[in-house]
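**Q** Handing you this structure, nothing more for now.
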């Protein structure tokens, strides 16, 4: 069965510093991976996805993610964090079937301090 | 214009009641979903419809019944509400099952 794990409940960074939010996955077959962000009292917003191609995927709001097949990881990164990036981040993997079903990680709260 | 809209935003009700949550999307998407987010923020899919056809039906109690009158709407009806149903319910849509999801802002259901 497909699964994703986000090993950190919370990540704290100072504004202007680089940030990384970690995600590892377990799939049979080729992984379809996604990152979403959730602000308080809002729905999730799509940030980026990896289907095939370049291992470095660029997304919205200056975020990028690096797909690493050997380490089965898909970490979210940003070179310079903003206070407004503070939110809950979810990594997700699409289940192998053609149903669009996403399996979400447990979420990581990003706290960016001024 | 809101792309995926849910009503109501908040729903407080007593155990045993029946309630509905409505969802509409104006994106022209073919696929719609219901997800449940529990108190620990864990997200789990409940149902998915593609072109009004049910394609995902997770192990959800049969007290929960989705209804899709057309491609733009996917409503969720819940019978005999229980305390454990308290959660935030998110509607979402996508162009097709392989496209990114667009989420509504959620309905916070509290069962007392």
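**Q** Using only Cα atoms, what Kirkwood radius does the protein assembly as shown have, in angstroms?
**A** Hydrodynamic radius (Kirkwood, Cα only) of the protein assembly as shown equals 18.1 Å.
**Q** Next question, about the same structure. May I ask for log10 I(q)/I(0) of chain A at q = 0.21 Å⁻¹, from a Debye sum over the Cα atoms as equal point scatterers with solvent left out?
**A** The calculated log intensity ratios at q = 0.21 Å⁻¹ are -1.14.
**Q** Oh, and also: Sort B:8-16, A:106-114 by the packing proxy (mean of other Cβ within 10 Å over each peptide's residues), most packed first.
**A** A:106-114, B:8-16
**Q** Averaged across the residues of A:35-43, what count of C-beta atoms belonging to other chains lies within 10 Å of each residue's C-beta?
**A** Counting other chains' Cβ atoms within 10 Å and averaging over A:35-43 gives 4.
**Q** Here is a follow-up. Enter the mean number of other protein chain beta carbons within 10 Å of the beta carbon of each residue in B:35-45, as an integer.
**A** Average neighbour count from other chains, rounded to a whole number: 4.
**Q** How high is the relative contact order of chain A, given as a whole-number percent (alpha carbon pairs under 8 Å, six or more residues apart)?
**A** Computed over chain A, the figure is 37 percent.
**Q** Here is a follow-up. Could you give the C-alpha radius of gyration of chain B expressed as a fraction of 2.2 N^0.38 Å, taking N as the number of residues it contains?
**A** 0.99
**Q** How many Cβ atoms of partner chains, on average, are near each residue of B:89-101 if near means within 10 Å of its Cβ?
**A** Mean partner shielding for this stretch: 4.
**Q** If you don't mind, another one. How high is the FRET efficiency from residue A:15 to residue A:66, r the C-beta distance, R0 25 Å, rounded to 0.05?
**A** Between residue A:15 and residue A:66 the formula returns 0.65.
**Q** Defining a contact as two alpha carbons under 8 Å apart and six or more residues distant in sequence, what relative contact order in percent does the range B:40-107 show?
**A** 20
Every number in this text was worked out from the coordinates using simple rules, so none of it is lab data. Worth saying up front: this structure is predicted, and the values here are computed from it rather than measured. Methodologically, a virtual Cβ is constructed for each residue, glycine included, from the backbone with ideal geometry; neighbour enumeration extends over all protein chains shown.
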